[in-house]
């Protein structure tokens, strides 16, 4: 590959300032979207859902763990899954210490359509401490996730629960710092869909993704 254009520090500063104007505009646009998201109407959750955790059965209210907000990530782990979703696992690897969310009255859990014993075995392999529950009673499809992954947000008022937000696809991806970090680098994600200079290394999307214990020497 050819390297990026090589310029003086002064030329780089000028080009960086031009880009910074666009980055700040994008930041303001994201802030505006977040403001609109905070004003979305909510839907009351009327159905009772049952989850299976490491200590037994739980309802949706239990997943809040006494907090006012609940983030649910739908991980694609399934029964007898021979190839767990590398994208889901990369996303979970990027979740920080939950104490920071708890400090803002917010819980985060994972749910999957797999038996709890398989979930626990895989959770231990990955070294994750995030609460993870089995769901098999329609919770996933009722909230937009049927056979794939997604992220849902719930709000609690006493014992009343409201559904406030849902996203999937690249809406979830944007929350993972691996992708965000790579988007800042000259080579980017090195995937074919990206608009990169001629000759930049690129390969089909997703193919480089691995579980974090499967990268070998480069992990």
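Determine the percent antiparallel among the DSSP beta bridges restricted to the chain, to the nearest 5.
Here the antiparallel bridges make up roughly 65 percent for the chain.
Just how far, in whole angstrom, is segment 7-69 from segment 115-132 if you go by their alpha carbon centroids?
Rounded to whole Å, the Cα centres lie 25 Å apart.
Multiply the residue separation of residue 208 and residue 28 by 0.36 nm, subtract the distance between their alpha-carbon atoms, and state the gained length in nm to one decimal.
My answer for the length gained is 61.5 nm.
So what's the back-of-envelope 222 nm ellipticity for the chain, counting only DSSP H runs of four-plus at -39500 (n - 2.57) apiece and dividing by all residues, rounded to 500?
-9000 deg cm²/dmol
Multiply the residue gap between residue 162 and residue 184 by 0.36 nm, knock off their C-alpha separation, and tell me the result in nm, one decimal place.
4.3 nm
Compute the FRET efficiency between residue 121 and residue 194 as 1/(1 + (r/R0)^6), taking r as their Cβ-Cβ distance and R0 = 35 Å, and round to the nearest 0.05.
The calculated FRET efficiency here is 0.45.
How far apart, in nanometres, would the label points at residue 11 and residue 104 be if each is projected 7 angstrom from Cα along the Cα-to-Cβ direction?
Simple spin-label model gives 4.2 nm for this pair.
Compute the acute angle (0 to 90°) between the alpha-carbon long axis of helix 9-38 and the principal axis of greatest extent of the alpha-carbon atoms of the chain; round to the nearest 10°.
20 degrees
Could you tell me how many degrees, from 0 to 90 and to the nearest 10, lie between the Cα long axis of helix 116-126 and the main elongation axis, the longest principal axis, of the Cα atoms of the chain?
For 116-126 against the chain, the angle is about 30 degrees.
Mind running the shape call on segment 98-182? Use the C-alpha gyration tensor, a ≥ b ≥ c as the square roots of the eigenvalues: rounded below 1.5 for a/c, prolate if a/b tops b/c, oblate otherwise.
It comes out rounded by the Cα gyration axes.
Could you calculate the contour length gain from residue 68 to residue 94, that is, 0.36 nm times the residue separation minus the distance between their Cα atoms, to one decimal place in nm?
7.0 nm
Restricting to segment 76-192, what percent of DSSP beta bridges are antiparallel, rounded to 5?
Approximately 65 percent, going by the DSSP bridge assignments.
A short reminder: the numbers here are calculations on the coordinates, not readings from a lab. Everything quoted here is computed from the prediction, not taken from an experiment. Don't worry about glycine lacking a Cβ; one is built from the backbone with ideal geometry, like all the others, and counts go over all protein chains shown.
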